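Chemist: Here it is: the structure, laid out below.
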Amino acid sequence: AHRQHRAQRLEQVAAAAGEVTPGVGEDLADAVVSGLGLLAMDRATQSVILQAAFECLRPGGVFVQFTYGPLSPVPEQILSGLGISARRGTLVLRNVPPATVWVFTRSRAKGITPRTVRRDGSTKPDSD
């Protein structure tokens with residue numbers, strides 16, 4: 001983990017994002033920023049990555065995805081199955097190729113329960 005101002009960067013396998021590195025802290029993240037090629041991944045992998053990312057986000061946290069297509073990089077079936085909503089953000093025309101920013105949040109109807117990671121590496125749902 002690297003500290004830069006108040007931001008903390010973690011480098012790990014995306015599908016294991018819910019297993020935050022022990023010793024980094026017990027706080028949940030406000031945001032996960034991703035440039036992963038979700039469009040090139042199969043639906044099962046997309047689902048695992050999104051679920052893992054949302055497990056380490058606090059309630060109200062966001063998953064921000066940069067993509068090179070104009071449409072959401074995650075199919076609606078996966079989003080609704082996970083209880084996630086997508087909102088198209090900024091189109092960055094100065095990027096080559098142009099990029100679209102998507103912001104994913106938990107829907108109010110259904111959400112992924114965040115987990116707290118203790119320093120000893122054990123986890124527990126935050127609802128306890």
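The values are calculated or read from the model by the stated rules, or taken from the named source; none is laboratory data. Keep in mind that what you see is a predicted model, and the values were worked out from it rather than measured. Here the Cβ is made from the backbone with ideal geometry for all residues, glycine too, and neighbour counts use every protein chain on show. Keep in mind that these areas ignore ligands, DNA and RNA; they rest on the heavy atoms of the full protein, side chains included. Shrake-Rupley method; radii C 1.70, N 1.55, O 1.52, S 1.80 Å.
Chemist: Which distance in nm do the two modelled labels at residue 77 and residue 92 give, with both placed 7 Å along the Cα-to-Cβ direction?
Modeler: Calculated label separation equals 3.1 nm.
Chemist: Whenever you get a sec, compute what percent of the accessible area on segment 62-109 sits on carbon and sulfur atoms (1.4 Å probe).
Modeler: Working: 1710 of 2840 Å².
Of all accessible area on segment 62-109, carbon and sulfur atoms account for 60 percent.
Chemist: Rounded to the nearest 10 Å², what accessible area does residue 33 show when all protein chains are kept and the probe is 1.4 Å?
Modeler: Rounded to the nearest 10, the figure is 100 Å².
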